[in-house]
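The values are calculated or read from the model by the stated rules, or taken from the named source; none is laboratory data. None of the values given here were measured: they were computed from a predicted structure. Cβ sites come from the backbone with ideal geometry, for glycine too, and all protein chains shown count toward neighbours.
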Amino acid sequence: MDFALGDVEREYFRRIFRYDRWANREVLASLQAAKEPSTKALRWLGHLAGAGHTWLSRVRGVEPPLAIWPELTLEQSESYLGALGKGWLIYLDELAATGFEGNVIYRNSKGEEFSSAIPDVLSQVLTHGAYHRGQIAAEMRACGETPAMTDFIIAVRKGVLGG
């Protein structure tokens, strides 16, 4: 399917990736504040970084700096997630100039080749992140910790998404 995105859609993706960056920082902060973050939660956080960098590398046509399921410390996760958030915003700025049309051809972790429309890849990254942030929140609650509140509307109310 071909996508011809206009200015509204382009700005939507910029805004929602700013939300994704904020939500990842909030989750990271909640894990840093935990008495002892669970291994599961840390693994999912590392996966957010690993999978995110894998997708960003796919759309850029380069090798990813991380495995999809890396073993990362909180400090390493913070560094990789920070670079990831910046990387997506830079990529989106580049797309605004060159266009969102076209497909990304890539191989999955099993070596199978696929071709996906750029907006579909962007949507995959965003929904995948929300899914795993929810897992982290549930795990934190199960361990008696307080998870981050990462609802989109909270980011809007706090004014963290920019224009």
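Considering segment 14-37 alone, what residues qualify as being under 13 Å from the mean Cα position of the chain (by Cα) and hydroxyl-bearing (Ser, Thr, Tyr)?
TYR19
For residues that are assigned to a helix (DSSP H, G or I) and touching a strand residue (DSSP E or B) at 6+ places or on another chain (Cβ under 7 Å), scanning just segment 103-147, find the one that is farthest from LEU74 (Cα to Cα).
Checked segment 103-147; the qualifying residue farthest from LEU74 (Cα to Cα) is ILE118.
Consider only pairs whose beta carbons are under 8 Å apart and that are at least six residues apart or on different chains; among these, list those whose first residue lies in segment 97-122 and is at positive phi and whose second residue is small (Gly, Ala, Ser).
That search, which allows pairs on different chains as well, returns GLY102/ALA117.
Against the definition (touching a Pro at 6+ places or on another chain (Cβ under 7 Å), more than 17 Å from ALA51 (Cβ to Cβ) and of a type in the set (Phe, Trp, Tyr)), how does PHE100 come out, yes or no?
Spelling it out, PHE100 is indeed touching a Pro at 6+ places or on another chain (Cβ under 7 Å), more than 17 Å from ALA51 (Cβ to Cβ) and of a type in the set (Phe, Trp, Tyr).
Return yes when SER77 is among the hydroxyl-bearing types (Ser, Thr, Tyr) and either at pLDDT below 95 or surrounded by fewer than 17 Cβ atoms within 10 Å (Cβ to Cβ) (or both) and no when it is not.
Answer is no for this residue.
Does TYR19 count as part of a helix (DSSP H, G or I) and either over 23 Å from ILE153 (Cβ atoms) or modelled with pLDDT under 95 (or both)?
no
Under 7 Å between Cβ atoms, at least 6 apart or on separate chains: pull out the pairs that start in segment 146-160 with a residue that is closer than 15 Å to ARG15 by Cβ and end on any residue that is among the aromatic types (Phe, Trp, Tyr).
PHE152/TYR19; ALA155/TYR19; ALA155/TRP22; VAL160/TRP22
Which of the residues belonging to segment 107-148 are touching a Gly at 6+ places or on another chain (Cβ under 9 Å), surrounded by fewer than 19 Cβ atoms within 10 Å (Cβ to Cβ) and at pLDDT below 95?
Hit for segment 107-148 is ALA117, nothing else.
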